[in-house]
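The structure appears below as structure tokens.
The values are calculated or read from the model by the stated rules, or taken from the named source; none is laboratory data. The shown structure was predicted, so the numbers you read here are calculated from the model rather than taken from an experiment. Reconstructed Cβ throughout: ideal geometry from the backbone, glycine too, with neighbour counts over all protein chains shown. Remember, those area values only see protein heavy atoms, side chains included, never the ligands or the DNA or RNA. Shrake-Rupley method; radii C 1.70, N 1.55, O 1.52, S 1.80 Å.
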Number of protein chains: 2
Amino acid sequence: MDRCRKVDALDDAIHQKVRLGVMSLLASAGEADFSSLKNTLGVSDGNMSTHLTVLEEHGYISIRREIDGRRPRTTYSPTGLGRRAFDAYVLALEAFIRPR
Amino acid sequence: MDRCRKVDALDDAIHQKVRLGVMSLLASAGEADFSSLKNTLGVSDGNMSTHLTVLEEHGYISIRREIDGRRPRTTYSPTGLGRRAFDAYVLALEAFIRPR
């Protein structure tokens with residue numbers, strides 16, 4: 001069987017578009033705050049929050065909360081598990097869509 | 001703004017995993033029948049049917065029905081629109097996940 005073409009080969013926690021965008025941005029930037037992620041991906045506050053929660057629940061991102069002047073600031077980073085899952089997803093995706 | 005990182009840059013009709021698998025298989029093979037698509041992607045009959053209908057409604061695939069001996073056989077091919085949409089999706093995806 002052609003295992004690489006099974007849909008199960010792609011991690012659902014990462015394949016969803018907003019989460020894929022977050023993991024991709026965090027993998028390259030190392031960290032980003034809520035507004036930056038939201039504005040770059042072009043999604044609503046609620047949508048952004050929902051998907052960040054899913055990634056956190058999977059252990060793919062970690063969250064740091066601090067006060068910047070008087071304003072709360074929340075910064076997100078990929079965990080080691082998240083980086084490995086993202087790298088594995090990209091490899092699986094390439095195998096999934098490559099021509100035979 | 002970084003247009004390439006907006007989630008809207010990725011075509012929802014193609015990004016869904018089963019539909020991505022179908023478009024990818026049809027783009028490389030030219031055509032495939034229902035069982036072959038279903039078995040290769042590892043999905044149920046119902047799931048396969050649902051996503052083939054979405055792709056047909058978008059005008060991305062065409063369907064040919066014929067009788068093979070006594071058994072009905074349904075073959076799917078990408079339309080020109082479907083091939084262009086798939087190519088555009090792959091380019092958009094590469095821009096979406098590439099490191100900066």
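Odds and ends about this structure:
- Axis angle, to the nearest 10 degrees, between helix A:80-97 and the longest C-alpha principal axis of chain A: 40 degrees.
- In chain A, the alpha-carbon atoms span a convex hull of 102 Å³ per residue.
- Surface accessible to a 1.4 Å probe, residue A:87 within the full protein complex, Å²: 90
- Other protein chain Cβ atoms within 10 Å, averaged over every residue that makes up B:26-37: 1
- When B:61, A:63, B:67 are compared by accessible area of protein heavy atoms, the largest-first order is B:67, A:63, B:61, using a 1.4 Å probe.
- Restricting segment A:1-96 to trypsin sites (Lys or Arg not before Pro) that sit in a DSSP loop and have at most 16 other Cβ atoms within 10 Å of their own Cβ leaves A:70.
- Exposure ranking of B:28, A:24, A:77 by accessible area [1.4 Å probe, largest first]: B:28, A:77, A:24
- Projected onto planes of every orientation and averaged, the convex hull of the alpha-carbon atoms in the protein assembly as shown covers 12.7 nm².
- One chain, two ends: residue B:83 and residue B:49. Fully extended at 0.36 nm per residue, the span grows by 10.2 nm beyond their Cα-Cα distance.
- Each helix, a run of at least 4 DSSP H residues, gives -39500 (n - 2.57); summed and divided by the residues of the protein assembly as shown, these come to -17000 deg cm²/dmol at 222 nm.
- Using alpha-carbon coordinates, inclination of helix B:45-57 to the longest axis of chain B, degrees: 60
- Residue B:31 accessible area, assembled protein chains, probe 1.4 Å, Å²: 80
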